[in-house]
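These notes are about the structure you will find just below.
Read the figures in this text as sums done on the coordinates, not as results from a lab. Computed from a predicted model, the values in this text were never measured in an experiment. All Cβ positions, even for glycine, are placed from backbone atoms using ideal geometry, and neighbour counts span all protein chains on display.
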């Protein structure tokens, strides 16, 4: 056999990857064009109403812009001003305190209710809907409801506490109780979180509980050693989403403490970062400074989220995969 014949299979093998590349058929190209056509409204909306405003706000953060006059480039002046602005530090402190109070409260209460809901058997569907319905309440209505429920003089919460001889605090005027009141009111909309936890709990294999019971594990041990690790991805997801939501909290607090006609209740204890950003942009027309504030919040959210992902490597368990 000649050397050319021996080299032929090798040459053919070396060309086989090229032969393996299949060009898309006309039908596939037609399907791709149809898919792009169907999602084009979302693509256009994303480019016009999300990506472009983000890029433009980055430019405005380096300018002095009052909406009326053209933007004037000022370099890093807006960012330097933030370092000297006491209101920025106050708003950040209020926001972080609210987040540290709100996120654990939502996770604990949601998980407790989801655990009870799992035991409801046939009534699960009804209670699942009942828990989720408050989520549909407009945030502005929740802000108004906060004033009705937590009014220090005639609020329903204090009247209920009075039945037990407890003198309720001034939720809306005492700086020490403003944020706890907002946290309690935020529990009104934990329906989605309850549904997420319920789905995670229903996916925990029953045989794990049966084996633990045979070994004599107590209910608390079964919950801590089986339930929590098995639903840890859901817990991690809920913590991430609620942290981002709490850091951007705005509507309820603004409606209750800074909206029209609410100057009586306004105080610095409810000045969240998003509210201060809104005031700078739409009340004082300092769009350049507000854009710089928005980018600072973007960086904060990214850093906090990255730290949570880093910490999740030790605590989040994924069945059948690495603990990452």
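Between residue 144 and residue 52, with labels modelled 7 Å along Cα→Cβ, what's the label distance in nm to one decimal, could you check?
3.5
Starting from the 7 Å offset along Cα-to-Cβ, what nm value, one decimal, do you get for the label separation of residue 115 and residue 29?
If labels sit at residue 115 and residue 29, their model points lie 6.0 nm apart.
What do you get for Rg/Rh of the range 165-324 when both radii come from the Cα atoms and Rh is the Kirkwood radius? Don't jump to the answer; show the numbers that get you there.
Working: Rg = 21.1 Å, Rh = 19.1 Å.
Over the Cα atoms of the range 165-324, Rg/Rh equals 1.10.
Could you calculate the contour length gain from residue 213 to residue 167, that is, 0.36 nm times the residue separation minus the distance between their Cα atoms, to one decimal place in nm? If you can, show how the numbers build up before the last one.
Details: separation 46, 0.36 × 46 = 16.56 nm, distance 4.49 nm.
Length difference between fully extended and current span is 12.1 nm.
Starting from the 7 Å offset along Cα-to-Cβ, what nm value, one decimal, do you get for the label separation of residue 302 and residue 248?
1.5
Please report how far the C-alpha centroid of the range 109-125 lies from that of the range 41-67, rounded to the nearest whole angstrom.
Value for the Cα centre distance between the two parts: 43 Å.
Could you tell me the ratio Rg/Rh of the range 36-149? Both radii from Cα atoms, Rh via Kirkwood. Show your work: numbers first, answer last.
Numbers: Rg = 22.4 Å, Rh = 19.7 Å.
Rg/Rh for the range 36-149 comes to 1.14.
Could you order peptides 153-160, 306-313, 195-202 by the average number of other Cβ atoms within 10 Å of their residues, highest first?
Working: 153-160: 14.1, 306-313: 12.1, 195-202: 18.4.
Highest mean packing first, the order is 195-202, 153-160, 306-313.
Which Rg and Dmax, in Å, describe the Cα atoms of the chain?
For the chain, the Cα-based Rg and Dmax read 27.6, 105 Å.
Highest GNM mean-square fluctuation, the chain, Cα pairs closer than 10 Å: which of 128, 29, 89?
Highest fluctuation among the options: 29.
Determine, from the Cβ-Cβ distance of residue 59 and residue 153 and an R0 of 45 Å, the FRET efficiency 1/(1 + (r/R0)^6), rounded to the nearest 0.05. Please list the in-between numbers first.
Values: r = 49 Å, r/R0 = 1.09.
That gives a FRET efficiency of 0.40.
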